[in-house]
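Everything below concerns the one structure shown next.
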Amino acid sequence: MPRPVLLVFSDLDGTLLDHDDYSYEAAKPALERLRAAGIPVILASSKTAAEIAPLRAELGFSDHPAIVENGAGILDPGADTVESAGRYDELRAALDTVPSDLRAQFKGFGDWDTAEIVRQSGLPEAEAERAAQRQHSEPGRWFGDEAGKQAFITALRAVGVTAREGGRFLTLSFGGTKAGRMADIAARYSTPFVVALGDAPNDREMLEQSDLGFVIANPNHAPLPPLAGEEKGHIIRIDAPGPKGWNAAMEKVITEFGI
């Protein structure tokens, strides 16, 4: 792919999208300027390919890949689904091998019907149905205490499953991170300057491995701890939450790069 001036990798929920209503309205000014300048915006989320494909098209970035299911897969340009069939059934089977007292305290999308996914996520019904079309990962909620959660995560690790905290859900998978996929995609573009934006623990490596990272405020969960590179200015915290903060961060970049 042609080498752009820069690449932008962005988390969705709580970053580009509002935590509560999933709107990106406040980010439209910067999005429009980036799109007009031909700057790729690479969506990077725990969302499924079925969720990200229509959003990517709506934003006008379907010519570029996207990172789906927390880095477990890449949605290629123009595609509606990830080509690989995924390992979702295998993941669900591994989840059921953990001790029953721990398993009972975790409820994932595979345990819920569409109505419950709507209640837990706040998504409209049609989007909740797309969120249930998982290929690689299992988001859900832990309903026990912190000690139990750590025991649950340890039990999962023993069967090769990793657990990562997002802005809303604890997501299980057999591995793959946003940061790893970011490096793969950047290589497709001959590794230009990389900007990353996120708000949650599952964004940490992506922010730290970018050339310039922005932590977008999300008052719905505890802030990220100090990150590697933050003291040197490679990572900047934005006080405004969600798409308003996203727009503020990208306006800084647009100004700096003369876009």
Per-region count, region 207-259, residues free of Cβ contacts under 8 Å to residues at least 24 places away in the same chain and of a type in the set (Val, Ile, Thr): 2
Looking at region 75-96, I want the residues that are touching a residue at least 12 places away in the same chain (Cβ under 8 Å) and surrounded by 14 or more Cβ atoms within 10 Å (Cβ to Cβ) and have a partner that is part of a loop (DSSP other than H, G, I, E, B) and among the basic types (Lys, Arg) with Cβ atoms under 7 Å, at least 6 apart or on another chain. Which pairs are those? Tyr88/Arg134
What number goes with the only condition from (1) buried (at least 21 other Cβ atoms within 10 Å of the Cβ); (2) over 29 Å from Ala26 (Cβ atoms) that Val159 does not pass? (1)
Checked Ile117, Ile153 against criteria (surrounded by 15 or more Cβ atoms within 10 Å (Cβ to Cβ) and out of contact with any strand residue (DSSP E or B) (no Cβ under 7 Å at 6 or more places or on another chain)); the one match is Ile117
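For region 14-38, give me each residue that is of a type in the set (Lys, Arg) and in contact with a Gly (Cβ under 6 Å, 6 or more places away or on another chain). Give the steps one after another, and end with the answer.
Here is the first cut: in region 14-38, the residues of a type in the set (Lys, Arg) are 28, 33, 35.
Within region 14-38, just Arg35 meets the criteria.
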Selection from region 39-52 of residues that are open to solvent by less than 10 Å² (accessible area, probe 1.4 Å), closer than 20 Å to Pro139 by Cα and out of contact with any Gly (no Cβ under 8 Å at 6 or more places or on another chain): Leu43, Ser45, Thr48, Ile52
From Ile67, Ile42, Ile74, which residue is closer than 30 Å to Phe257 by Cβ, at pLDDT below 95 and not in a loop (DSSP other than H, G, I, E, B)? Ile74
Hey, Arg35 part of a helix (DSSP H, G or I) and either at pLDDT below 95 or surrounded by 23 or more Cβ atoms within 10 Å (Cβ to Cβ) (or both) or not: no
Every residue from region 183-195 that is in a loop (DSSP other than H, G, I, E, B) and open to solvent by less than 20 Å² (accessible area, probe 1.4 Å): Tyr189, Pro192
Please work out which residue is nearest to Leu12 (Cα to Cα), limiting yourself to region 196-208 and to residues that are open to solvent by 10 Å² or more (accessible area, probe 1.4 Å) and either hydrophobic (A, V, I, L, M, F, W, C) or touching a strand residue (DSSP E or B) at 6+ places or on another chain (Cβ under 8 Å) (or both). Asn202
Just one of Gly180, Gly167 is touching a residue at least 60 places away in the same chain (Cβ under 8 Å), under 30 Å from Arg3 (Cα atoms) and open to solvent by less than 60 Å² (accessible area, probe 1.4 Å); which is it? Gly180
When you go through Ala249, Ala228 one by one, which is the residue that is of a type in the set (A, V, I, L, M, F, W, C), open to solvent by 50 Å² or more (accessible area, probe 1.4 Å) and either over 22 Å from Phe169 (Cα atoms) or within 15 Å of the chain's Cα centre (by Cα) (or both)? Ala228
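The values are calculated or read from the model by the stated rules, or taken from the named source; none is laboratory data. From a predicted model like this one, the values you see are computed outputs, not experimental measurements. Neighbour counts run over all protein chains shown; Cβ positions are idealised from the backbone, glycine included. The accessibility values were calculated without ligands, DNA or RNA, using every heavy atom of the protein model including side chains. Shrake-Rupley method; radii C 1.70, N 1.55, O 1.52, S 1.80 Å.
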